[in-house]
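Colleague: For reference, the structure I am asking about is given below.
The values are calculated or read from the model by the stated rules, or taken from the named source; none is laboratory data. The structure presented is a predicted model; accordingly, all values stated were derived computationally and were not measured. Note that we place each Cβ from the backbone using ideal geometry, even for glycine, and neighbour counts take in every protein chain shown.
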Amino acid sequence: MALYSEKVMEHFTNPRNVGKIEDADGVGEVGNAKCGDIMKIYLKIENDIITDVKFNTFGCGSAIASSSMATELIKGKPLSQALELTNKAVAEALDGLPAHKMHCSVLAEEAIRSAIKNYYDKNGIAYDKTQFPEPHDEEEEHFSEED
């Protein structure tokens with residue numbers, strides 16, 4: 001059995017929406033210190049609709065595929081719908097991710113939320129703070145040198 005689905009491989013080798021939006025309305029950047037993946041999402045928003053979305057991801061194939069799929073899933077959608085996107089929905093749209101790569105789909109969800117929050121903050125738009133939990137930070141294990 002292949003480790004990655006055909007959809008993961010397709011979005012890794014031919015990612016959609018790669019790039020930067022210079023005059024983005026919202027920008028979100030998240031990272032995972034343990035694996036080194038960094039994801040940045042740029043949003044262009046008109047009348048509460050995501051009219052354009054781009055990403056730059058430094059990371060493994062699963063991180064790139066998750067970014068690509070997540071941007072496809074929110075493009076043209078209202079912000080309220082983009083906020084409902086879960087990491088599980090991203091992974092399912094990719095026909096699954098290996099368990100040890102699920103954190104990549106989590107980063108995609110968090111980057112989108114971060115970009116939407118940035119848009120709200122820049123424009124003084126009130127929002128429910130519970131919709132924007134702090135990004136999940138996987139702390140590296142620290143070992144004590146005590147005997």
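Colleague: Please specify each residue of the range 104-125 satisfying the condition of being touching a Leu at 6+ places or on another chain (Cβ under 9 Å) and more than 15 Å from residue 43 (Cα to Cα).
Modeller: Selection gives 104, 105.
Colleague: Select from the range 13-33 the residues that are modelled with pLDDT under 95, part of a loop (DSSP other than H, G, I, E, B) and small (Gly, Ala, Ser) and list them in ascending order.
Modeller: 33
Colleague: Considering (1) closer than 19 Å to residue 132 by Cβ; (2) surrounded by fewer than 15 Cβ atoms within 10 Å (Cβ to Cβ); (3) in contact with a helix residue (DSSP H, G or I) (Cβ under 9 Å, 6 or more places away or on another chain); (4) not aromatic (Phe, Trp, Tyr), say which one residue 106 fails and leave the rest.
Modeller: The failed condition is (2).
Colleague: For residues that are charged (D, E, K, R) and surrounded by fewer than 18 Cβ atoms within 10 Å (Cβ to Cβ), scanning just the range 45-74, find the one that is farthest from residue 112 (Cα to Cα).
Modeller: 46
Colleague: Would you check if residue 3 is in a loop (DSSP other than H, G, I, E, B) and over 16 Å from the mean Cα position of the chain (by Cα)?
Modeller: yes
So that you can scan it fast, the table gives a plain yes or no per residue for (1) touching a residue at least 60 places away in the same chain (Cβ under 8 Å); (2) touching a Phe, Trp or Tyr at 6+ places or on another chain (Cβ under 6 Å); (3) under 20 Å from residue 21 (Cβ atoms); (4) of a type outside the set (Gly, Ala, Ser):
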site: 62; (1), (2), (3), (4): no, no, no, no
site: 74; (1), (2), (3), (4): no, no, yes, yes
site: 88; (1), (2), (3), (4): no, no, no, yes
site: 93; (1), (2), (3), (4): yes, no, no, no
site: 99; (1), (2), (3), (4): no, no, no, no
site: 105; (1), (2), (3), (4): no, no, no, no
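Colleague: Going by the conditions given, is residue 36 of a type outside the set (A, V, I, L, M), within 20 Å of residue 83 (Cα to Cα) and either crowded, with 20+ Cβ neighbours inside 10 Å or modelled with pLDDT under 95 (or both)?
Modeller: no
Colleague: A further question follows. For residue 41, are the conditions met, namely being touching a Gly at 6+ places or on another chain (Cβ under 6 Å), within 18 Å of residue 78 (Cβ to Cβ) and at pLDDT 95 or above? Walk me through how you get there before you give the answer.
Modeller: Numbers: touching a Gly at 6+ places or on another chain (Cβ under 6 Å): yes; within 18 Å of residue 78 (Cβ to Cβ): yes; at pLDDT 95 or above: yes.
Here the answer is yes, as residue 41 does meet what is asked.
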